[in-house]
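The block underneath contains the structure these notes are about, expressed in structure tokens.
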């Protein structure tokens, strides 16, 4: 699970101002902020009402822009592809989450209706055991329900013709190996029964929290299986920049670390960018994207600290795969992450809807690389449809594509993923972990860059 999380309660001052202005305009009201334990998801705004807020209303209420499916589709230049019928039709995106959400079917219907998306084909399975009954007082369960909602709604928003298969597991993934045996078994079930074409994983555990590298190697069977069966596997690169959380979930190691499964060479690691907002909150063109790194002040934190940043760096477990030989000067002898990056910043969060308690029914601004992975899963589904077959293990194609011209990869050359934060294991002393800076070509902050989908998808298929 991506663990760098911020409470709705951190927005108290901005929320009080924003709610008044929204109520005066007759727009959706920003709900009273509520403090809660750290759980999955970077939630920076909650809006009551039958209609979602506009970008301008989010900006007025929280100081942070919010984007709807149409805006993200326009940002990545997806509209022309959708108009041609390239929507992921005939393909299935597999979303894997612990516990799932008790209201996802109805929430997805509401999301589709309000944002004028085609009705989704959603199936839910629990192949390795029934999940426990949903408990709205259990912060872990609520967090996974939030994560599930983000994953399902935004994979569908990008590839509205693709089927969605939600795979729920009965043990929460936290850090180390916890929860992974169930996830691996569930993914193997999906692959063995030919149920999906691309798997999106919005979770990860810091490599040093596993007992040994051997503990990670023992959990790779689903990724090997996916490679053999031509199924693409994605994973979020993490939300703590060039470091990540301790075993107890607190932030963070005072040196560079990476997280698995993002660091696995058989997985495409999806990092984070900021889709830069204009003054009215609408997104700039994709050429303006920068590495995701948000200051703590945007969520009510102290000046000089970092709330979050796109994960990236060298793996301490996996050596450099052959497909990264072209970027050996950057990654050295290690597997480097991310491979590609998509929207993840709190400064331009996406809108989701859920109705489960204790915070629903409401619209929410939510972000993180937990957003980036399902967004890219929709891109893969569209590419599979265009190809007429599954592209499977994607990284070899990606790095070959990067060496060609007119490839649809948009280089991200600004920003970095360093972190400054209170170290819970050092009496909350403020620690800075220098990150990696973006620059021309591949880097350990944004990978190969982000995409102009109208060019990228045909080029990826053709390579």
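Numerical summary
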quantity	calculated
Cα shape, region 166-284, gyration tensor, a/c 1.5 rule	oblate
Extension reserve of the residue 189-residue 250 stretch, reckoned as 0.36 nm per residue once the Cα distance is removed	18.7 nm
Förster-model FRET efficiency, 25 Å R0, residue 305 and residue 279, C-beta, rounded to 0.05	0.45
Calculated Kirkwood radius over Cα pairs in Å (choose from (i) 21.3; (ii) 23.9; (iii) 23.0), label	(i)
Percentage relative contact order, the chain, counting C-alpha pairs under 8 Å, at least six apart	20 percent
DSSP bridge orientation in the chain - percent antiparallel, rounded to nearest 5	50 percent
Residues 142, 275 arranged by fewest to most Cβ contacts within 10 Å	142, 275
Contact order normalised by residue count of region 91-217, Cα under 8 Å, 6+ apart, percent	40 percent
Label-point separation, residue 297 to residue 229 (7 Å along Cα→Cβ), nm	5.0 nm
Percent of beta bridges antiparallel (DSSP, region 225-356, rounded to nearest 5)	55 percent
Segments 292-298, 448-454 sorted - mean Cβ within 10 Å per residue, highest first	448-454, 292-298
FRET efficiency, 1/(1 + (r/R0)^6) with R0 30 Å, evaluated for residue 325 and residue 70 via beta carbons	0.15
Euclidean distance of C-alpha centroids, region 49-68 and region 134-208, integer Å	27 Å
Contour excess over end-to-end distance, with Cα ends at residue 109 and residue 428 and 0.36 nm allotted per residue	110.5 nm
Shape category assigned to region 278-395 from the gyration tensor of Cα positions, a/c cut at 1.5	oblate
Region 398-454 and region 86-117: distance between their alpha carbon centers, rounded to Å	29 Å
The chain: calculated mean residue ellipticity at 222 nm from DSSP helix runs of at least 4, using -39500 (n - 2.57)	-8500 deg cm²/dmol
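Quick note: the coordinates plus some simple rules give every number you see, no bench work behind them. All of these numbers come straight from a predicted model, not from anything done at the bench. Positions of Cβ are backbone-derived with ideal geometry, glycine not excepted, and every protein chain shown enters the neighbour counts.
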